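Enquirer: One structure follows; several queries about it will come next.
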Amino acid sequence: MHTHAVDTDLPDLSRCHGGDRWPSVERTGETTGWLHYGARRYRQIDHRCWSPVARLADMDRDGVDLQVISPIPVTFCYEADPTGTAELAEAQNDFFARIVTEHPTRFAALGAVALQDPDLAVAELRRCMARPGFLGIEIATQVRGDELADERFDRFFAVAHELGALVLIHPRDEDLPTRMAGLGMGFGAGMPIETATAAASLLTSGALVRRPGVRLCLAHGAGALPAIIGRLDKGAQIGGMAADSAELPSRLAASLWCDSLTYTRHGLLAAAEVVGADHMVFGSDYPFPAAPDPLDDIVADLPPDLRARISRTNLEDHYGTLPWTRPDALSAAGGHG
C-alpha cells in the first residue's frame, strides 16, 4: 500500500484547459525523466514510476509479493477545471488498470478522481471499483480549501462505503502553508500536520458519525494525529462532550486506518494505539527517496502478530481473495503490500 506511479503519456490538457496547470512527464533518458506541474519542473523521476518491469525487479529483491500503486498527489489537480481533472483521472486509472491486467498477481491499484466535482468523482469511483484489482482511490487532505468533512462530500464517501473502497488520504505540497516551505519543513512537519488537521476535522465535525463504515486510511502513519489525539479529546470535553461519549475523537479514531510509514518504532506503535493494530497497512512511498531503507525498516522488528497484520492479514480480512496466487504471498516473513 502507498506506492506511487505515473504514466509517461499523460493527456495534454493544456490545449483545452489552457488556464490551468496540468502534470506532464518529460523523458530525459531511457530510465530518467522529470514530472512537470504546469510550466514548472516539479520532481525528478525514473523508470520505476512508469515501468512495471523495473518495479518488479525491486519487489523481488525486497521480498514484496504485491504492490498497490496509486497516483502522485501533484496530479490530483483539484484547482483545475473539473472536466479536465476527470479526464486526467480516467487516463491515470486506465494506466494503472493496464499494469494490473498485465501482472494481476503482483499489482493492485488505488485510483484518482476529480473530487472538486463529487458527481464526477462518484462516476469515476464506480468505474474503478468495477475493474479487477482496484481496492479504492487516493485523495488529498482538502479540496480547494474545503475540508473532507464538508457535507458536499457525503455522497462520495457513502458510495465508497457501498463499494467497499479504501480511501487513502495523502497530503499535497500545494496544500501546505507557505511558512513550512520557507522553513524547509514541508516534508518533515508540513505533511504530517496537514494530515492531522484533516483527520481532526473529520473526528470533531460529525463527519464520521454521518459516514459510518467508510474505510479512510491516513498516509504517513496518520501524520501528527497520535500526538494530538489527547488534546482533541480534552477540547471536546471542554466543549461539553461527556467523557464516555461514543463520539469522543479518540473513540471515533478507531474507525480510521493508517499506513506504517512513520520511520520510528515509537511512531508506528503510537499510530497503532490510535487506529488499532487491525487497521494498519504497510506503506513505503516507493519509488521516492521517502521510502524506508531497508524497505521493511521498523516493521521487520515488530512482534510477529503485529508484523503479520500490517504486512498481510489486515487487508485480507477486509478484501478476502485478492489477486495473490502463492500460498506464502505477503507472508509475515518478508512479503509486504
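The values are calculated or read from the model by the stated rules, or taken from the named source; none is laboratory data. All values derive from a computational prediction rather than experimental measurement. Note that we place each Cβ from the backbone using ideal geometry, even for glycine, and neighbour counts take in every protein chain shown. Surface areas here come from the heavy atoms of the whole protein model, side chains and all, with no ligands, DNA or RNA. Shrake-Rupley method; radii C 1.70, N 1.55, O 1.52, S 1.80 Å.
Enquirer: Here are some conditions: (1) closer than 21 Å to Trp257 by Cβ; (2) β-branched (Val, Ile, Thr); (3) open to solvent by 20 Å² or more (accessible area, probe 1.4 Å). Val167 meets all but one. Which one does it not meet?
Expert: With respect to (1) closer than 21 Å to Trp257 by Cβ; (2) β-branched (Val, Ile, Thr); (3) open to solvent by 20 Å² or more (accessible area, probe 1.4 Å), Val167 is out only on (3).
Enquirer: Tell me the helices (runs of 4 or more DSSP H) entirely within the stretch 264-325 that contain at least 2 residues that are under 22 Å from Pro73 (Cβ atoms) and at pLDDT 95 or above. I'd like the intermediate steps shown before the answer.
Expert: Numbers: elements: 265-275, 304-308, 314-319.
By residue number, 265-275.
Enquirer: May I pose another question? Would you check if Gly188 is over 26 Å from Arg210 (Cβ atoms) and either touching a residue at least 12 places away in the same chain (Cβ under 8 Å) or small (Gly, Ala, Ser) (or both)? I'd like the intermediate steps shown before the answer.
Expert: On the way: over 26 Å from Arg210 (Cβ atoms): yes; either touching a residue at least 12 places away in the same chain (Cβ under 8 Å) or small (Gly, Ala, Ser) (or both): yes.
Spelling it out, Gly188 is indeed over 26 Å from Arg210 (Cβ atoms) and either touching a residue at least 12 places away in the same chain (Cβ under 8 Å) or small (Gly, Ala, Ser) (or both).
Enquirer: Related question: Kindly evaluate Ala158 against the criterion of being open to solvent by less than 60 Å² (accessible area, probe 1.4 Å), among the hydrophobic types (A, V, I, L, M, F, W, C) and in a helix (DSSP H, G or I). Steps first, answer last, please.
Expert: Details: open to solvent by less than 60 Å² (accessible area, probe 1.4 Å): yes; among the hydrophobic types (A, V, I, L, M, F, W, C): yes; in a helix (DSSP H, G or I): yes.
Against the criterion (open to solvent by less than 60 Å² (accessible area, probe 1.4 Å), among the hydrophobic types (A, V, I, L, M, F, W, C) and in a helix (DSSP H, G or I)), Ala158 qualifies.
Enquirer: Something else: Restricting to the stretch 52-65, name every residue that is without any contact (Cβ under 8 Å) to a residue 12 or more places away in the chain and within 22 Å of the chain's Cα centre (by Cα).
Expert: First pass over the stretch 52-65, keeping only residues without any contact (Cβ under 8 Å) to a residue 12 or more places away in the chain: 53, 57, 60-61.
Scanning the stretch 52-65 gives no hits.
Enquirer: Continuing with this model, one more query. Please go through the stretch 267-315 and give me each residue that is over 18 Å from Leu110 (Cα atoms) and basic (Lys, Arg), ordered by number.
Expert: Correct list: Arg307, Arg309.
Enquirer: Filter the strands (runs of 3 or more DSSP E) completely within the stretch 17-89 down to those with at least 3 residues that are farther than 20 Å from Cys128 by Cβ and either out of contact with any Pro (no Cβ under 6 Å at 6 or more places or on another chain) or open to solvent by less than 20 Å² (accessible area, probe 1.4 Å) (or both). Give the steps one after another, and end with the answer.
Expert: Details: elements: 23-27, 32-37, 40-46, 67-70.
Passing ranges, in order: 23-27, 32-37, 40-46.
Enquirer: Go through the stretch 183-255 and tell me which helices (runs of 4 or more DSSP H), entirely inside it, have 2 or more residues that are within 18 Å of Pro171 (Cβ to Cβ) and either of a type outside the set (D, E, K, R) or open to solvent by less than 70 Å² (accessible area, probe 1.4 Å) (or both). Step through it out loud before you land on a result.
Expert: Numbers: elements: 191-204, 207-210, 219-222, 225-238, 249-252.
Correct list: 191-204, 219-222, 225-238.
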